[in-house]
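The values are calculated or read from the model by the stated rules, or taken from the named source; none is laboratory data. What you are looking at is a predicted structure, and each value in this text was computed from that prediction instead of being measured. Ideal geometry is used to build each Cβ from the backbone, glycine not excepted, and the neighbour counts take in all protein chains shown. These area figures cover heavy atoms from the full protein model, side chains too; ligands, DNA and RNA do not enter into them. Shrake-Rupley method; radii C 1.70, N 1.55, O 1.52, S 1.80 Å.
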Amino acid sequence: MRNTVNYFLISPALLISILIVFIPGLLTVIVAFTDWNGVSTTPNFVGIQNFNELFVDGIFWKALLNNAKWTLMFVTVPIVIGLLTAMMLLKRKKSKSAYQLIFLFPYILAPTTNAILWLNIIFNPVSGVIGYLKEIGIPIESPLSSVNTALYAVASVDIWHYWGFLTVIYLAALRQTPAEQIEAAYLEGCNGWQIFRYVYFPSIRPTFNIMFVMIIIFSFLTFDYVYLLTGGGPSHSTEMLSTYAYTFAFSAFQVGKAAAIALFMSFFGLLASCLYIWMSRNDLKN
Amino acid sequence: MKKKLVGLVTIFLVMVIFAGCSNDSKTTADGKEIITMWFWGAPPEHQETLKKVLIDKYNKSQNEYELKIEYRNSVDKDISVALSSGKGPDIVYGSGPSFVIPLAEAGRIENLDKYAEKYGWKDRILDPIYESGTVNGSLYSLGNSLNTVGIFYNKKVLKDNNWPEPKTVEELERIMDEAIEKGMYASVTGNKGWKPVNENYSSLFLTHFAGGEKVYEALTGTTKWTDPAIIAALDTSAKWYKKGYLAGKDYTNLTFNESTQLLADEKAPFFFGPSLVYQFAAQSFSGDKAKDLGFMAFPTKDHQTNDPYYTLGVTATLSINAQSKHKDEAAKILDTMMTNEFMNEMTKTWPGYWGIPLKDLQIDTSDMPELSKAYAETIKNMVDGVNKGHFGYYTGVFLPPATQQIFLDIESIWNEQMTSTELMKKVQVEFDKEKEKGLVPPIPKPSE
């Protein structure tokens, strides 16, 4: 009887996992080896043709490189800003909550809202800040229009919306650091950096590690801000694996190729998960 | 063990049954059958026009059915996904014949031959447009409106600067050079938020610089896409982009709406864009300003023809879902849309999107506002041009989907990420593959 109840309790989660994770995942793997166009009922098995075509496709490699650059930016800039801000907020007694609320605000807004805000109020060459600067004679162009700067401009918007969230997470973890360790460090004559390096950071390391890995995973899945701000342009300079897969699936009717790209994205997510497991094991050993 | 298994199966079945108990009713409260159509997220005033002219009229005309239109911003994607799972609306909106072919070949949309015969569509609809909606000789879609890419211009700007209406490419370039010198945009346009805008410019340069006949040869396989005339046309597009003839450095930062506003604000003499832009112009060219907006066919290189030459396209296609329970009624609705009466009524308040491709176009502009008159005139001239065979091709209409995607990369040539020849080599590879799969729509022949 007890077992039946147990099965009953796990069945919703199990069913959901099977229906919306396992079966679609398996279908994606199968579709990657076909020429399915998304509507046909008779897709043909094409072996590794989709992968071969991707390997000789310069845009695919560009998207992969952009994802790598994106990951590099996200594992550095927002983490540094988030940690610094969290450390500064740690000392503030009364205003801490207000600051957290303000920093978290862009994160709780819908990506569409943020994108419209930046496109129309900041980057707009007619009515936005860029337009105003041009109007008063400053020779400036929207960074979204150059193939050299568009990726960094889009990443900046995404980082702007994301770093506040990291701040809140890091602050919550920092507050768990035992007060006696901090006091002892002060008594031993540690400076600010040493207290962070040898007391706070080891204390928040599990949180830091999981956020680090999550950032890597999300970086290879990133889609919303790129799609909303540039659609992968100009000239694929902001193309990501996700936006490229979307184009194949919904514009070119090449769902097989889109599935092949999705497998690459999953592969990098898997690598990041392995990294997390390795870091967790090392933590346990130490 | 057996009990456990029975328990599990029971739980699973109960959950599946509950999950399946969704309300799939397709009737109204008063028992009318609902006919659905999905449409792109048109602005409220245009939705109101469609309601008055199509929905209300149809619903009042009989008591058995009720037409409902859902407006969706991601209509193309939604329709592909819905149709692939055997669902979706009764009337299927598509973004062009090349969008329709995979759906037709998969049996997701209905063969319209019997309705074409019943309603005489072949006799009423312009041949090139009718043919472009056929797959393997059978009709699957109807173009809802003619669309061409040309020159919108601000008459007041031309007059104030003593610029004539340009009749040749050279005149056009001279005016744009002078506009840049005066601190204006040479022309305004942009693909912000919608990369497929690029198709207007790949189509424009192919039609007016390579020529319709050359593109016809490439589309029918008698010449390669790497033909020198096509490469030269794309090189010209890059030259124009670099010279700032396509909105300077703001091409990726402007929408059509913002571009028409700039044109109305006299920041530029021209806006090279599709005739469907009339629907955006109503906001910026309102009141007395409406008379300042002009539209002309784009001049052809080397004066290949003295008559206006048009890039032939449609704004969208309409088909019938193969799973629809009300196909006959859906066809009846399509038929009401393929009439002069529907065009006149829609164009009165929604110029730009309902230039019905009729052979015998009868436009009554007597009580139309300025912009609607201008649009109606544009479509009438285009029909005359198409009937004479003076046309090239919209890439989004006459190229299969994957090849079209490569053409959208024309901006890669402009930004020196690849050469015209490299892009056209990619096009040729993809085009050959899609041609072999039968994904190229029938290609109407232009006059020589």
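In Å², nearest 100, what accessible area do chains B and A bury in total when the solvent probe is 1.4 Å?
Buried surface at the B/A interface: approximately 3200 Å².
How well do other chains shield peptide A:138-150, expressed as the mean number of their Cβ atoms within 10 Å of each residue Cβ? Provide the component values of the computation, followed by the final result.
Working: counts 0, 0, 0, 5, 6, 0, 3, 11, 3, 7, 1, 0, 1.
Mean partner shielding for this stretch: 3.
Leaving out ligands, DNA and RNA but keeping every protein chain, what accessible area does residue A:183 have, in Å² rounded to the nearest 10, with a 1.4 Å probe?
120 Å²
To the nearest 10 square angstrom, what accessible area does residue A:216 show with a 1.4 Å probe?
Estimated to the nearest 10 Å², residue A:216 gives 20 Å².
Test of understanding: what is the full-extension gain from residue B:416 to residue B:283, defined as 0.36 nm times their sequence separation minus their Cα-Cα distance?
Length difference between fully extended and current span is 44.3 nm.
Mean separation of Cα pairs under 8 Å and 6+ residues apart, divided by the residue count of chain B: what relative contact order is that in percent?
Values: 779 pairs, mean separation 106.7, N = 448.
It comes to 24 percent, rounded to a whole number.
Express the relative contact order of chain A as a whole percentage, based on alpha carbon pairs under 8 Å and six or more residues apart in sequence.
It comes to 28 percent, rounded to a whole number.
About its Cα centre, what dipole magnitude does chain B give when the only charges are +1 on Lys and Arg Cβ and -1 on Asp and Glu Cβ, stated in debye to the nearest 20?
1380 debye
Pick from A:96, A:69, A:257: which residue has the top mean-square fluctuation in a GNM of chain A where Cα pairs under 10 Å get a spring?
A:96
Ignoring everything but the protein chains, give the 1.4 Å probe accessible area of residue B:243 in square angstrom, nearest 10.
Solvent-accessible area, nearest 10 Å²: 100 Å².
If you take each beta carbon of peptide A:51-64 and count the beta carbons of other chains within 10 angstrom, what is the mean?
1
Please tell me the relative contact order of region A:1-79 in percent, rounded to the nearest whole number, where contacts are Cα pairs under 8 Å and at least six residues apart. Mind showing how you got there, number by number?
Working: 24 pairs, mean separation 11.2, N = 79.
Value for region A:1-79: 14 percent.
How many percent of DSSP beta bridges within region B:19-122 run antiparallel, rounded to 5? Mind dumping the intermediate values first?
Working: 1 of 10 bridges.
Here the share of antiparallel DSSP bridges comes out near 10 percent.
Any idea how far the Cα center of region B:327-363 sits from the one of region B:76-127, in Å?
Cα centroid of region B:327-363 versus Cα centroid of region B:76-127: 17 Å apart.
Considering every residue in B:249-258, what mean count of other chain Cβ atoms within 10 Å of its Cβ is obtained?
6
If I build a Gaussian network model for chain B, linking alpha-carbon pairs within less than 10 angstrom, which residue out of B:28, B:148, B:347 has the largest mean-square fluctuation?
Taking springs between Cα atoms under 10 Å, the residue moving most is B:28.
Over chain B, with the other protein chains present, what is the accessible area per residue in square angstrom, probe 1.4 angstrom? Don't skip to the answer; put the middle values down first.
Details: 17980 Å² over 448 residues.
Normalised by residue count, the accessible surface of chain B is 40 Å².
Once you charge only the Cβ atoms, +1 for Lys and Arg and -1 for Asp and Glu, what is the size of the charge dipole of the protein assembly as shown about its Cα centre, to the nearest 20 debye?
Details: 65 positive and 72 negative charges, 614 e Å.
Roughly 2940 debye, rounded to the nearest 20.
Mind checking region B:73-135 for trypsin sites (Lys or Arg not before Pro) that DSSP puts in a loop (not H, G, I, E or B) and that have at most 16 other Cβ atoms within 10 Å?
Passing sites in region B:73-135 are B:87.
Taking amide H positions as placed in the peptide plane 1.01 Å from N, state which residues far from residue B:92 in sequence (5 or more) or on other chains have amide H under 5 Å from it.
So residue B:92 has HN proximity to B:319, B:320, B:321.
On average, how much accessible surface per residue is there in region A:57-285, in Å², for a 1.4 Å probe, leaving out ligands, DNA and RNA?
In whole numbers, region A:57-285 has 49 Å² accessible per residue.
Leaving out ligands, DNA and RNA, and with a 1.4 Å probe, what % of the accessible surface on the protein assembly as shown is carbon or sulfur?
59 percent
What residue among A:145, A:219, A:40 has the largest mean-square fluctuation in a Gaussian network model of chain A, using Cα springs under 10 Å?
A:40
Run through region B:157-239 and list the trypsin sites (Lys or Arg not before Pro) located in a DSSP loop whose Cβ has at most 12 other Cβ atoms within 10 Å.
Filter output for region B:157-239: B:167, B:182.
Counting DSSP beta bridges in the protein assembly as shown, what percent are antiparallel, to the nearest 5?
65 percent
Please list, ordered by chain and number, the residues whose modelled amide H lies under 5 Å from the amide H of residue B:392; skip anything fewer than 5 residues away on the same chain.
B:310, B:311, B:312
When the convex hull of the C-alpha atoms of the protein assembly as shown is computed, what volume per residue in Å³ does it have? It would help to have the intermediate numbers written out before the result.
Numbers: hull volume 159.8 nm³, N = 734.
Residue-normalised Cα hull volume stands at 218 Å³.
If you average the alpha carbon positions of region B:226-247 and of region A:18-55, how far apart do those two centres end up, in angstrom?
Cα centres, region B:226-247 to region A:18-55: 38 Å.
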